[in-house]
């Protein structure tokens with residue numbers, strides 16, 4: 001359940017960043033919000049599929065479920081990025097990508113921070 005805490009922190013970070021960027025420009029703010037959602041939606045789907053709805057019993061089934069879930073996560077991200085770039089006008093691509101990358105790095109950092117056994121290595 002730590003992963004869901006990480007997603008909540010990332011959602012809060014996305015909303016805070018969008019609110020702060022609202023002071024600069026509305027297009028930049030909603031572009032940052034969209035960038036955060038582009039990261040959080042596939043990541044949330046993956047965590048639901050793997051951590052909550054995982055009915056696999058054997059190691060082979062668990063690994064197959066992980067591979068399928070990760071593949072669908074990547075395809076979902078590609079589809080969402082395509083839809084955003086086709087449908088959202090105007091868009092600040094810099095804010096979108098910076099927020100997406102920020103959430104990716106934040107996720108890595110929080111996973112290492114919450115999992116104490118990696119800190120002992």
Problem set entry | Among the candidates 75, 51, 80, 91, residue that is surrounded by 15 or more Cβ atoms within 10 Å (Cβ to Cβ) and assigned to a helix (DSSP H, G or I) | 80
Exercise. If residue 56 satisfies every condition in (1) part of a loop (DSSP other than H, G, I, E, B); (2) touching a residue at least 60 places away in the same chain (Cβ under 8 Å) but one, which is the exception?
Worked result: (2)
Exercise. Among the residues of the range 61-70, is any within 21 Å of residue 109 (Cα to Cα) and buried (at least 19 other Cβ atoms within 10 Å of the Cβ)?
Worked result: no
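A short reminder: the numbers here are calculations on the coordinates, not readings from a lab. All figures in this text were calculated on a predicted structure; none of them were measured in a lab. Heads up, the Cβs are rebuilt from the backbone with ideal geometry, glycines too, and the neighbour counts pull from every protein chain shown.
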